[in-house]
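As structure tokens, the structure follows; a few thoughts come after it.
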Amino acid sequence: MNNQLTKQSKFLSLVLRHKPSKIGITLDPQGWIDIATLIAAAQRHGIALNEPTLRQIVAENNKQRFAFSPDGLRIRASQGHSIAVDLALEPETPPEILYHGTAIRFLESIRQTGLEKRSRHHVHLSSDYTTAISVGQRHGKPVVLVVQAGSMATAGFSFSRSANGVWLTDHVPVEYLAIPE
Ligand code: HQG
């Protein structure tokens, strides 16, 4: 993805996850916005966005962060919101093990309270170790925690999976985490 597209993609993350008011739009309760409305609002605020560019961003985004509605008329972020949206994801049975990448400096606090959702709507978990490392790296020296997701599900904790394959849950208590010393 070239620089211009990456910039537009970051702008989309901002308005579709965190601050739609920045360009005067409102998302529906499931986080969707009409593509034509989004493009017009972006253009009014000096962001050169058009439909082909939007389609390219959705197709090429490295984490598949955005998705079109089945009728192709609306777009939303697949996960990672800080504003209130209900993605209406179905609960799904997770694999036995999931991974959470974080920074070493957070471990002491995580040992006290387990994994919390912080400013997001869920705790984000990955099914592969490599993804977890790169998620953790965003915060500092990375460390990967192993989550006993299968045991959590058996104990009644609910999991769902976003359109881009991120596993989501509300809280991971310490007893389901392997935390390195
Ligand atoms: C940490 C990216 C102290 C948690 C990624 C994480 C992901 C605690 C940070 C998505 C804690 C929150 C989400 C506790 C959790 N004490 N720290 N009790 N519980 N934390 O960014 O999981 O690029 O909100 O370990 O790929 O890093 O945005 O969550 O380090 O899917 O598309 O608090 O964001 O995707 O950080 O990342 P974040 P995350 P995008």
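The values are calculated or read from the model by the stated rules, or taken from the named source; none is laboratory data. Note that the structure is a prediction, hence the values are computed from the model and not measured. When we count neighbours, we look across all protein chains shown, and the Cβ atoms used for this are built from the backbone with ideal geometry, even at glycine.
Scanning the range 135-150 for residues that are free of Cβ contacts under 8 Å to residues at least 40 places away in the same chain and more than 7 Å from the ligand (Cβ to nearest atom) gives 137, 140, 141. The condition of being loosely packed, with under 12 Cβ neighbours inside 10 Å, over 13 Å from the mean Cα position of the chain (by Cα) and not in a loop (DSSP other than H, G, I, E, B) holds for only one of 70, 52, that being 52. Scanning the range 97-111 for residues that are over 19 Å from the mean Cα position of the chain (by Cα) and near the ligand (Cβ under 10 Å from one of its atoms) yields 105, 106, 107, 108, 109, 110, 111.
For the range 126-171, a tally of residues being within 21 Å of residue 89 (Cβ to Cβ) and either more than 17 Å from the chain's Cα centre (by Cα) or among the hydroxyl-bearing types (Ser, Thr, Tyr) (or both) returns 16.
Test residue 174 against the criterion of being more than 19 Å from the chain's Cα centre (by Cα), surrounded by 12 or more Cβ atoms within 10 Å (Cβ to Cβ) and within 15 Å of residue 106 (Cβ to Cβ), and give yes or no. Write out each step before concluding.
Details: more than 19 Å from the chain's Cα centre (by Cα): yes; surrounded by 12 or more Cβ atoms within 10 Å (Cβ to Cβ): yes; within 15 Å of residue 106 (Cβ to Cβ): yes.
Yes.
Listed by first and then second residue, the pairs linking a residue in the range 111-123 that is in a loop (DSSP other than H, G, I, E, B) to a residue that is within 6 Å of the ligand (Cβ to nearest atom), with Cβ atoms under 8 Å apart and 6 or more places separating them unless they lie on different chains, are 120/80.
With respect to (1) assigned to a loop (DSSP other than H, G, I, E, B); (2) surrounded by 12 or more Cβ atoms within 10 Å (Cβ to Cβ); (3) more than 9 Å from the ligand (Cβ to nearest atom), the lone exception for residue 75 is condition (1).
Being away from the ligand (no atom under 16 Å from the Cβ) and closer than 21 Å to residue 64 by Cα is the filter here, so list the residues in the range 1-28 that pass it.
Of the range 1-28, the ones away from the ligand (no atom under 16 Å from the Cβ) are 2-4, 20-28.
2, 3, 4, 20, 27, 28, listed by residue number.
Return yes or no: is residue 5 at negative phi and not in a loop (DSSP other than H, G, I, E, B)? Quick ask: steps written out before the conclusion?
On the way: at negative phi: yes; not in a loop (DSSP other than H, G, I, E, B): yes.
Taking the combined requirement at face value, the residue satisfies it.
Yes/no per residue for (1) within 14 Å of the ligand (Cβ to nearest atom); (2) modelled with pLDDT of 95 or more:
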position: 80; (1), (2): yes, no
position: 95; (1), (2): no, yes
position: 113; (1), (2): yes, yes
position: 180; (1), (2): yes, no
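Just the residues that are farther than 16 Å from residue 20 by Cβ and either touching a residue at least 24 places away in the same chain (Cβ under 8 Å) or within 16 Å of the ligand (Cβ to nearest atom) (or both), please, taken from the range 49-58. First the steps, then the outcome.
We begin by selecting, within the range 49-58, every residue farther than 16 Å from residue 20 by Cβ; these are 50-53, 55-58.
Correct list: 53, 56, 57, 58.
Applying the selection to the range 20-36, what residues are part of a helix (DSSP H, G or I), more than 19 Å from the chain's Cα centre (by Cα) and under 21 Å from residue 80 (Cβ atoms)? Passing the criteria: 21, 22, 23, 35.
None of 60, 108, 90 is over 19 Å from residue 159 (Cα atoms) and loosely packed, with under 12 Cβ neighbours inside 10 Å except 108.
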